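Student: Pasting in a structure now, in structure tokens, and then I'll have a few things to ask.
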Amino acid sequence: MEAVVPQEITAELTQILANLVLGDNKIRSNAEKAVNDRLAQTPDLYLLALVQFAIKADTEVMRSFSLVLLRRLLLRPTPQQQQLPKESRSTLYDHLSSQALTTLERLLIHSLSHEPSDSVRRKTVDTVCDLANNSMSRGRPWHALQVQTFNMTQSAEPGFRECAFRIFSGCPNLVMDLQTDAVLSVFQKGLQDSQSVDVRLAALRACVSYLTASDTHQLSQCLSLLYPMLDTLPSLPNVHLKTFLISLTPLCSSHPALFAPHIIALLSFLRALIMPTADSGPTPTVAKPFPNTSTSFAFPPGHAHQQSDEGDPEAAEDDEKEQVRRAALEFMVSLSEAKPSMIKRVDGWTLAIVRSCLEGMGELPEDGLEAWLEAEPSDDSQDESYPHVYDQSLDRLACALGGKEVLPPAFQYIPSMLASYDWRLRHAGLMAIAAIAEGTSKVMHLELGKVVGLVTPMFKDAHPRVRYAACQCLGQLCTDLEEVIQGRYHQQLFAALIPTLEAPEPRVHAHAAAALINFCEGVERNTLIPYLDPIVERLLKMLNPNAEDGKQVKGYVQEQAITTLAMVADASEATFAKHYASIMPLLLNVLRNANSSDHHKLRVKAMECAGLIAIAVGPDVFRPDARTLIDALINIQNSPVDPSDTLLGTYLIATWAKICQALGPEFEPFLPMVMQPLLNAARAKADVSLYDDEDGNRDREGWETISMNGQIVGIRTSSLDEKCQAFDTLVVYCSILGGRFGPYITQTLELTLPALHFYFHEGVREATCRLIPLLMACGKSSGTLTPEMVSASLSKLVYCMQIESDTSFLTSLYKSVADTLRVVGIPALTPPLSGGLMDATKHQLQNLADKRKHRSQRPAAELEDDREELSLLEEMEEFALEDMEKLLRMLDGQHPLLIAIASVRELGINRWDSEDEGGSDG
């Protein structure tokens, strides 16, 4: 093809690209600068030269590299634009002339139709899809690409047919405006391609994209497409079946109803992939978890489809079989989560998944006990020997379907598993109970005595991993059936847990201590007191490094012992004073001496424990050691910061707050020592990074990514947690010290009001709502409150009410205004503020009314399927309406908007029996 840019431009770009792929950092950096300079000056020429190079370069590597670079450069914001909000940014694409864009499109279509290498052509597809999506979003259709792609589906070369369907998958809008029958005909032909599995896979992905992007009317015309899509599965060998299942799974979540006509046939096919076909008796077997999948499977059901000789499952590699098994399980669980009501009507579906998960959870390696005993418990999440996927799948299934559906099949097998000679099955049975506890808790409590009777004997099992699993199971039950299990069965639970605190294996007795925390979180003080002495005695043995047998106590054991002591002290309150003299000196010793990096976690746990014990025993017992503890904390606070000690800041702030709670007003002299670091933490800005879709550095430790306004935003969570902890601590200081906090009100309020808009952390915003009325009260008591402070606070709260879209936080805003007015008096709500408050309330009531009307117009079947979610939404809305009503009644007992609130309440659709298990089991 003819050159579209001058030869000198081509030559220069060729050299720049050659330098970009060199290993020399300096040369590569200069080449990057050269690219940016040329694009800033003449973007048309150099982008066209780049795509021309992608066509004419001698090597596949350079053609591929050019296409990837073009894709990145064309659609990224210019350096100057990156500082602007996303909706205001422009890219190099926006600066190209219409003629240049036309030429660019023509060259890319030439690459699509003439590129001889499959791998390079796939890079062209990626670039073309990005360009097409970008163009259509700007109102520029690409009709030539549409024509070219349809032509490629008819190509004699499988590679070109595959790329055509890749384009349809990456850019479904390319065919959304075409006649549905024509599109379905092309897709069905691709799904039935007899020459290439890759073409069938690309066609399947194109179908999924098309269906996902379709509106309700189009979907109704596309129902027949599911037959050829599902009929791609039976003839596949394992190496391909996994990928096909993974490609289909997103459709389970987005459009589960599409699978309804096929659900019986799906169960027949998928069950053979995830569990044995023959009944192995009352206990699942781990000997042969993979069935022969020779069963015919065709859509529509009943029409046999000749299975290909490709890929005998029994001859395939074990890892391929396992990957297929997991992909099939993920498909079934995703469909169960997306449409529970449909799944509950399918006899055998739940049983198959439960049985498969129990099988998988029992497939632990028989050896490796020594390595497990020596490993740190924190390594469990990375423990590849434990089949996490089956554990998590069972948890998800239980949460989706509820106890009425999941408990019967689960306990069809679990008792015999717990009685098995094979420790792996006993372990799996316990972990299964832990996995289903959350989702089935509303039903499990009816048979809780039987469950406890199954679990507690396992604490005496001969195998340490089984005893560890018993601790895990009991801890989870204490969390998911909080207060119920502690109140009814504390004798049985303590009889099992307390001796396990002396288990010979550190991992086991540390985990027993961890389970004790879960127990104490839901226990009544009087229930705990009779067991306090033996618990503390054993925890002290775990903590004290001078063990009787001379063995060095592991660090994680000490950390766990301290953490559990803190929780026991908190739960037992003043009764813990008898143990104070034994424990506080140990904690102070840790704080003075645990300075090395491997003791950082132990030190912060000791801080937390000392603070909680101080609160539990009260000021009279704590006072003699208060100064010693405070001096230790000041020394730590003033020491050089170790960047690796990411927990210190948050724990220091929290511990100062606990000491304030323990000492009450006596804490006032120490405020000057703690306030500046505290205000600095409250002042901290969010540490945020913006990522490209293809950025590979998202999964950084200590960071989380969220989607916000169409962007992928990375946030350093440790700094946010510290900021939230700072505001929570300010709430503590204000509420306890009252007027004594007066000198710091101005600085605190200056930080608090802007933080009402701190959308990166809900805890920060909630704390500021609680803090504002407390600051008003402190200011009033100390005589430092000014009219300007009151006006600024109420103005900010009213403004936030006007713009708030989170119903839960809206409740907090109304409560904050009401609490503030109780302190400063209703006259502080001046006419302009009162008018703003009424406008905000009318606006929010209209929003709530619109939401409820929209919900009520949904089909009855949808309302039934989503009733648990809708019930929760309406519950949150009801809280907001209640606080609106309280505030309006405070202002005027006959306020006209009270009628509007009642009208919005009437629009609710939450008419379900509150005693029912909820959305999972209806």
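Student: May I ask which residue of Ala34, Ile343, Gly893 lies farthest towards the positive end of the charge dipole of the chain, with charges of +1 (Lys, Arg) and -1 (Asp, Glu) on Cβ and the Cα centre as origin?
Tutor: Of Ala34, Ile343, Gly893, it is Gly893.
Student: Can you sort Asp839, Asp461 by solvent-accessible area, 1.4 Å probe, largest first?
Tutor: Reading off the accessible areas and sorting them downward yields Asp839, Asp461.
Student: Still on this structure, please answer the following. Over its Cα atoms, what ratio of radius of gyration to 2.2 N^0.38 Å does segment 786-907 give?
Tutor: After normalising by residue count via 2.2 N^0.38 Å, the value is 1.16.
Student: I've got another one for you. Would you mind checking the tilt of helix 263-274 against the longest principal axis of the Cα atoms of the chain, expressed as 0 to 90 degrees and rounded to 10?
Tutor: Long axis of 263-274 versus the principal axis of the chain: about 70 degrees.
Student: Let me ask something else about it. How much length would be gained if the chain were fully extended between Asp839 and Lys404, taking 0.36 nm per residue of separation minus their Cα-Cα distance, in nm to one decimal?
Tutor: 151.9 nm
Student: Same structure again: Output the 0 to 90 degree angle, nearest 10, between the alpha-carbon long axis of helix 897-906 and the longest principal axis computed from the alpha carbons of the chain.
Tutor: Compared with the principal axis, the helix lies near 60 degrees.
Student: Calculate the dipole size of segment 524-645 relative to its Cα centre from +1 charges on Lys and Arg beta carbons and -1 charges on Asp and Glu beta carbons; express the result in debye to the nearest 20.
Tutor: 140
Student: May I ask you to compute the full-extension gain from Ser808 to Arg140, defined as 0.36 nm times their residue separation minus their alpha-carbon distance, rounded to one decimal in nm?
Tutor: Fully extending the segment from Ser808 to Arg140 adds 236.3 nm.
Student: Would you please give the FRET efficiency between Asp892 and Ser856, computed as 1/(1 + (r/R0)^6) with r the Cβ-Cβ distance and R0 = 51 Å, to the nearest 0.05?
Tutor: The value I calculate is 0.95.
Student: In addition: Taking the Cα centre of segment 761-832 as origin, work out the dipole magnitude from +1 charges on Lys and Arg Cβ and -1 charges on Asp and Glu Cβ, in debye rounded to 20.
Tutor: 220
Student: Can you return the lysines within cross-link range of Lys56? Criterion is Cα-Cα under 22 Å, with same-chain partners fewer than 8 residues away left out.
Tutor: Lys123
Student: If you don't mind, another one. Which order, highest average first, do 434-440, 606-612, 407-413, 266-272 follow once you tally other Cβ atoms within 10 Å for each residue and take the mean per peptide?
Tutor: Going by the mean number of other Cβ atoms within 10 Å, highest first, we get 606-612, 434-440, 266-272, 407-413.
Student: Now for a different question. Too long at a 21 Å Cα-Cα cut-off: which of Lys541/Lys601; Lys541/Lys658; Lys780/Lys842; Lys842/Lys886; Lys780/Lys815?
Tutor: Beyond 21 Å between Cα atoms: Lys541/Lys658; Lys780/Lys842.
Student: Report Lys56's accessible area, 1.4 Å probe, all protein chains in place, as a number in Å² to the nearest 10.
Tutor: Taking all protein chains as shown, Lys56 has close to 100 Å².
Student: Under a Cβ-Cβ cut-off of 12 Å, what is the net charge of the residues other than Ala435 that fall near it, where Lys and Arg count +1 and Asp and Glu count -1?
Tutor: Combined, the nearby Lys, Arg, Asp and Glu give -3.
Student: Just how far, in whole angstrom, is segment 730-746 from segment 521-536 if you go by their alpha carbon centroids?
Tutor: Spelled out, the Cα-based centre of one part sits 34 Å from the other.
Student: Follow-up question, since we're still on this one. Accessible area per residue, 1.4 Å probe, Å², for segment 116-256: what's the number?
Tutor: Per-residue value: 38 Å².
Student: Which is farthest toward the positive dipole end of the chain among Ser196, Tyr733, Leu211, measuring Cα position about the Cα centre, with Cβ charges +1 (Lys, Arg) and -1 (Asp, Glu)?
Tutor: Farthest towards the positive pole: Tyr733.
Student: Right, here's the next one. Full-extension gain between Ser113 and Leu22, please, as 0.36 nm times their residue separation minus the C-alpha to C-alpha distance.
Tutor: Extending this stretch completely gives an extra 29.7 nm.
Student: Can you tell me which of 767-773, 740-746, 151-157 comes out highest on packing, and rank the rest after it, using the mean Cβ neighbours within 10 Å?
Tutor: 767-773, 740-746, 151-157
Student: Taking +1 at the Cβ of each Lys and Arg and -1 at the Cβ of each Asp and Glu, which of Thr440, Leu629, Ala513 sits farthest along the dipole of the chain towards its positive end, judged by Cα position relative to the Cα centre?
Tutor: Value: Leu629.
Student: Expressed as a fraction of 2.2 N^0.38 Å, the rule-of-thumb size for a compact globular protein of N residues, what is the C-alpha radius of gyration of segment 800-855?
Tutor: Compactness ratio reported: 1.24.
Student: For a label point 7 Å from the Cα of Asn847 along Cα→C-beta, name the residues of segment 745-759 whose backbone N is under 14 Å from it.
Tutor: Residues passing the 14 Å test: 757.
Student: For segment 312-463, just list the percent of Cα-Cα distances falling in each 10 Å bin from zero outward, please.
Tutor: 10, 37, 35, 16, 2
Student: Determine the principal axes of the Cα atoms in segment 524-645, then give the extent along each, sorted from largest to smallest and rounded to whole angstroms.
Tutor: Result for segment 524-645: principal-axis Cα extents of 44, 36, 22 Å.
Student: Evaluate the distance, in nm, between pseudo-label points positioned 7 Å from the Cα of Ser639 and of Arg106 along their respective Cα→Cβ axes.
Tutor: 7.2
Student: Run the helix sum for the chain: -39,500 (n - 2.57) per DSSP H stretch of 4+ residues, divided by residue count, reported at 222 nm to the nearest 500 deg cm²/dmol.
Tutor: -21500 deg cm²/dmol
Student: A further question on this structure: With Cβ to Cβ distances under 12 Å as the rule, what net charge do the other residues near Ala626 carry (K, R +1; D, E -1)?
Tutor: Residues close to Ala626 contribute a combined charge of -1.
Student: How far apart, in nm, are two points set 7 Å out from the Cα along the Cα-to-Cβ line at Ala686 and at Glu157?
Tutor: Label at Ala686, label at Glu157, 4.8 nm between them.
Student: Considering only protein heavy atoms, what per residue accessible area in square angstrom results for segment 31-79 with a 1.4 angstrom probe?
Tutor: Value returned for segment 31-79: 44 Å² of accessible area per residue.
Student: Taking 25 Å as R0, compute the FRET efficiency from the Cβ-Cβ separation of Ser194 and His217 and round it to 0.05.
Tutor: The calculated FRET efficiency here is 0.15.
Student: Here is a further query. So for each of 753-759, 348-354 I average, over its residues, the number of other beta carbons within 10 Å; can you give me the resulting order with the highest mean first?
Tutor: Ranked by mean Cβ neighbours within 10 Å, highest first: 348-354, 753-759.
Student: For the chain, what D do you get in µm² per second when you plug the Kirkwood radius from alpha-carbon pairs into Stokes-Einstein at 37 °C and 0.692 mPa s?
Tutor: 101
Student: Hey, another quick one. What's log10 of I(q)/I(0) for segment 723-770 at q = 0.24, 0.33 Å⁻¹, Debye sum over Cα points only, no solvent?
Tutor: Summing over Cα pairs of segment 723-770 leads to -0.84, -1.29.
Student: Quick one: Cα convex hull volume of segment 709-840, Å³ per residue?
Tutor: 106
Student: More than 28 angstrom separation, counting every C-alpha pair in segment 7-219; what % is that?
Tutor: The answer is 33 percent, as a whole percent.
Student: Now for a different question. Treat each spin label as a single point 7 Å out from the Cα along the C-beta direction, and report the Ala3 to Tyr799 distance in nm.
Tutor: The answer from the label model is 6.0 nm.
Student: Quick check: at a probe of 1.4 Å, how many percent of the accessible area of segment 524-645 sits on carbon and sulfur atoms?
Tutor: 48
Student: Quick check for me: using +1 on Lys/Arg Cβ and -1 on Asp/Glu Cβ, what's the dipole size of the chain about its Cα centre, in debye to the nearest 20?
Tutor: Here the chain has a charge dipole of around 1640 debye.
The values are calculated or read from the model by the stated rules, or taken from the named source; none is laboratory data. Since the model is a prediction, treat every value here as computed from it, not as a measurement. We place every Cβ from the backbone using ideal geometry, glycine too, and count neighbours over all the protein chains shown. Note: accessible area is taken over every heavy atom of the protein model, side chains too, but ligands, DNA and RNA are not part of it. Shrake-Rupley method; radii C 1.70, N 1.55, O 1.52, S 1.80 Å.
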